[in-house]
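Q: To start, I am sharing the structure in question, which I have written as structure tokens.
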Amino acid sequence: MRFQRPLLFAAFMLGTTLRGQQPNMMPLPAEIKPSEGRLVIDGSFHVGLTGYQEARLQRAADRFLVHLGAETGIPLADHLEGDALESDATKATLVVDCDHAGETVQSVKEDESYALEVGPKQARLTAPDPVGVMRGLATFLQLVDLDSKGFGVPAVAIHDRPRFQWRGLMIDVGRHWMPVDAIERNLDAMELLKLNVFHWHLSDDQGFRVESKVFPKLQEMGSDGHYYSQQQVKDVIAYARDRGIRVIPEFDMPGHSTAWFVGYPELASAPGPYSIERKWGILDACMNPANEKVYEFLDAFIGEMAALFPDEDFHVGGDEVNGVQWKASPEIQAFMQQHGIKSSAALQAYFSARVVGLVEKHGKRTVGWDEVLQPGVPTSVVVQSWRGQKSLAEAARQGYAGILSAGYYLDLMQPASRHYGVDPMEGATAGLTPEEQSRILGGEACLWSEYVTPQIIDAKIWPRMAAIAERLWSPQQTKEVDSMYARLARVSRLLDFVGLEHRSSYPLMLERLTDFKPIDNLRTFDEILEPVKGYSREEMRSYNSSSPLNRLVDATPAESDRAREFAKLVADWSAHKDEIKSELTMWRNDGDDVLPVLQGSALLEEDIPLAQDLAALAAAGLEALEYLESGKPAPQPWVTAQLALVDRTSKPRAELLIMIAKPIGNLIQAAKQ
């Protein structure tokens, strides 16, 4: 829900400083007021718990000390004051006061607010319940810095609560399997960034990923042996709850369901046999809405999974049903005619309404993608909008609660600024009435896993996910992009200390590409590249679930920080001529120096034209700089030739883009003047 209390930005406006520096926190708190002094963090640092006590709070404090010790290098893990005597606890460096227990099963109603006051001698964190405590501990970790006197936290008073109730991350484990350790380390990162919903996409055409004891052929025949046991599911749910994160399962139906039919072909709209799908895309295989036995099956299955997953919400997918099998089936066409169902969309609405009834029978609320929004579907459904704010607004007008995912698709490899600029309460949703606005619960980032493996999953999510986390937590006016990027860089490094591998896996990927030869030149080359955007990869090359993801495009981060900074230099070129010249000289030389590395690897040969383009672009940029420094306009034939070079090198090769091409084009245009 949006933050209702008045925001005290008179004390601390965005862009001002905390002890002379940007507040290195994400998400930025709702209210923050700097004070004088600094709390020292050294070997005597202790945490004391007062007020309401439970084992989850003890574990949160223990985990906090482990992370703080990793961040500072100071051994702190044994410094928790565990006894309940208030007189002892109040002597701690950080006093944590929890008022009461949280919900037995966390929901959107959980109070995540907290207050953190840091003074030169002691810090005090107060929160109504354990989840609020976790949010405050995450803030404290981000406040830690190092100065000439050692580690510490600046004196500050923070009063904070989230703007939206639903701040989620969806991970697709159906297309590519992700082991438990990959899931858990991303839950650790989610805790640091105050995210509170893990949406687990557990079935798709390429795999069914959860053990069913009622229908064991689902995982035995539909998973290639890669699935979570029910005990592993329980362990992940407990792990997430300890971090204030809900776990919402998704079992996609009626489409994206080929893996169901491998073991149970009688559920499908066309006769089998079926096999696990290896290719990507929207496929014809679909459940049969005209078969009553399908609903009997789903009743038993949903009942089993509802008992396994305690969260109040249960996601049934509902996206991308093409209706091909329905139209080709005489049985289904006869059923539609008998029931006055005139289209595939109406037939899906019939199916969705039946499934919603089954979900509600087992005590859950249904969540579905945009396509479930059809006449006849109960307004108790939560609509997850992948189509955009217009669809989300329409759902809210019709009485549906909703969450926004459009603009937050991490697999499309867009920059953090693009995600940061998307707000669930702007655009088409801005014209809603207050009551309609209250139905927009928040947003959820999505990582579809066509091009994701366990080795690179962290890099596909982070650090960009932190920008989305801030958009969903912080006040709506928190929008300054340069501030976001400055804080994102530090948060990215802080995530290393909670166990993420988004940075540590990168050099390993490059070393594999070079057969463990030195990677300096390759890294310099790759730092100005980005993968192609949107759905371009699938248009450039044929992929399936068995395709190796071991090329340079798979190692390259979604966003080039170096290219972004270079573009800023070029925008004010007269003040940064020396820096621009240094960068261009390095890239011109590296374009040549990296060639032997690329030529010596079968996995890198496809990138040779990119290196040649880089050298040519950098040389053109240096010539443009010479013209600019001379004060004479560049000759038109030269400008025309160089802009043609920029146009050619701006196009993707090996599914990669040279991100300095455009700023070099701007430099050439400036030289033309």
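The values are calculated or read from the model by the stated rules, or taken from the named source; none is laboratory data. Computed from a predicted structure; not experimentally measured. Ideal geometry is used to build each Cβ from the backbone, glycine not excepted, and the neighbour counts take in all protein chains shown. Just the protein is used for accessible areas: all its heavy atoms, side chains included, with ligands, DNA and RNA removed. Shrake-Rupley method; radii C 1.70, N 1.55, O 1.52, S 1.80 Å.
Q: Which whole-number percentage describes the relative contact order of the range 581-673, with Cα contacts under 8 Å and a sequence gap of 6 or more?
A: For the range 581-673, the relative contact order is 31 percent.
Q: Rounded to a whole number, what is D in µm²/s for the chain from Stokes-Einstein with the Kirkwood radius over alpha-carbon pairs (37 °C, 0.692 mPa s)?
A: Once the numbers are plugged in, D ends up at 121 µm²/s.
Q: Ordered by residue, what ³J(HN,Hα) values in Hz, to whole numbers, does the range 168-174 give under the Karplus form 6.51 cos²θ - 1.76 cosθ + 1.60, where θ = phi - 60° and Gly and Pro are x?
A: x, 9, 9, 10, 8, 10, x
Q: With a ≥ b ≥ c the root eigenvalues of the C-alpha gyration tensor of the range 23-77, is it rounded (a/c under 1.5), prolate (a/b larger than b/c) or oblate?
A: oblate
Q: Quick one: Karplus J couplings for the range 276-281, per residue in order, coefficients 6.51, -1.76, 1.60, θ = phi - 60°, nearest Hz, x for Gly and Pro?
A: My calculation for the range 276-281 gives 4, 6, 9, 9, 9, x Hz in order.
Q: With +1 on each Lys and Arg Cβ and -1 on each Asp and Glu Cβ, and nothing else charged, work out how big the dipole of the range 82-167 is about its Cα centre, in Debye to the nearest 20.
A: About 320 debye.
Q: Working from the pairwise distances between different alpha carbons, so that the mean of 1/r is found and then inverted, what is the range 338-411's Kirkwood radius in Å?
A: Evaluated on the range 338-411, it is 12.9 Å.
Q: I've got another one for you. Considering amide H positions built from the backbone, and no H for Pro or chain starts, which residues 5 or more places from Asp313, or on another chain, come under 5 Å of its amide H?
A: Residues meeting the criterion, in which the H sits 1.01 Å from N, are Arg365.
Q: Considering the dipole of the chain built from charges on the beta carbon (Lys and Arg +1, Asp and Glu -1) around the Cα centre, which of Gly665, Val133, Val105 is farthest to its positive end?
A: Of Gly665, Val133, Val105, it is Gly665.
Q: Now for a different question. Please list, or write none, the aspartates and glutamates whose alpha carbon is within less than 15 Å of the alpha carbon of Lys577, excluding same-chain residues fewer than 8 places away.
A: Glu565, Glu623, Glu626, Glu629
Q: If amide H atoms are built 1.01 Å from N in the plane of the peptide, which residues on other chains or at least 5 residues away come under 5 Å of the amide H of Ile248?
A: Amide H neighbours of Ile248, under 5 Å, 5+ apart: Phe198, His199, Trp200.
Q: Sorted from largest down, what three extents in whole angstroms do the Cα atoms of the range 43-156 have along their principal axes?
A: For the range 43-156, the Cα spread along each principal axis is 44, 29, 23 Å.
Q: Scan the range 473-532 for chymotrypsin sites (Phe, Trp or Tyr not before Pro) in coil per DSSP, keeping those whose Cβ has at most 12 other Cβ atoms within 10 Å, and list them by number.
A: Loop-located and lightly packed - Phe516.
Q: At most 16 other Cβ atoms within 10 Å and a DSSP loop assignment: could you name the trypsin sites (Lys or Arg not before Pro) in the range 540-601 that fit?
A: Those that pass, being in a loop and sparsely packed, are Arg541.
Q: Could you estimate the translational diffusion coefficient of the range 516-673 from the Stokes-Einstein equation, with Rh from the Kirkwood formula over C-alpha pairs, at 10 °C and 1.306 mPa s, in whole µm²/s?
A: 98
Q: Given the options Asn24, Ser545, Tyr227, identify the residue whose Cα lies farthest towards the positive end of the charge dipole of the chain (+1 on Cβ of Lys, Arg; -1 on Cβ of Asp, Glu).
A: The listed residue farthest towards the positive side: Asn24.
Q: Separate question: Scan the chain and note any complete DSSP helix (H) whose C-alpha atoms cover at least 30 Å along its axis and whose Kyte-Doolittle average is 0.5 or more.
A: Span-like helices, by this rule, are 608-630.
Q: Another question, if that's okay. Equivalent-ellipsoid semi-axes (√(5λ), Cα gyration tensor) for the range 396-441, whole Å, largest first?
A: 24, 11, 7
Q: A further question on this structure: Residue farthest toward the positive end of the dipole of the range 493-652, with Cβ of Lys/Arg at +1 and Asp/Glu at -1: which of Leu500, Leu628, Ala644?
A: So the residue we want is Ala644.
Q: Roughly how many Å² is the accessible area per residue of the chain, as a whole number, for a 1.4 Å probe?
A: 38
Q: Mind scanning Lys533/Lys581; Lys109/Lys364; Lys533/Lys662; Lys121/Lys149; Lys194/Lys390; Lys327/Lys390 and naming the pairs with a C-alpha gap bigger than 18 Å?
A: Lys533/Lys581; Lys194/Lys390; Lys327/Lys390
Q: Report the equivalent ellipsoid semi-axes for the range 493-538 in whole Å, largest first, defined as the square roots of five times the eigenvalues of the gyration tensor built from alpha carbon atoms.
A: 20, 19, 10
Q: Given H placed 1.01 Å from N in the peptide plane, which residues other than close sequence neighbours of Thr50 have an amide H under 5 Å from its amide H?
A: For Thr50, the qualifying residues are Val96, Asp97, Cys98.
Q: So if I place +1 on the C-beta of Lys and Arg and -1 on the C-beta of Asp and Glu, and nothing else carries charge, what would the dipole magnitude of the range 427-467 be about its Cα centre? I want it in debye, nearest 20.
A: My answer is approximately 120 debye.
Q: Would you work out the charge dipole size for the range 575-673 about its Cα centre, treating the Cβ of every Lys and Arg as +1 and the Cβ of every Asp and Glu as -1, and quote it to the nearest 20 debye?
A: 480
Q: Explain nothing, just compute: Karplus ³J(HN,Hα) = 6.51 cos²θ - 1.76 cosθ + 1.60, θ = phi - 60°, for every residue of the range 528-536 in order, whole Hz, x for Gly and Pro.
A: Calculated HN-Hα couplings, in order: 10, 9, 9, x, 4, 9, x, 9, 5 Hz.
Q: Okay, moving on. For the range 189-304, state the semi-axes of the equivalent ellipsoid (square roots of 5 times the eigenvalues of the alpha-carbon gyration tensor), sorted largest first and rounded to whole angstrom.
A: Calculated on Cα positions only, the semi-axes equal 28, 15, 13 Å.
Q: Counting alpha carbon pairs within less than 8 Å and at least 6 residues apart, what relative contact order, in whole percent, applies to the chain?
A: 12
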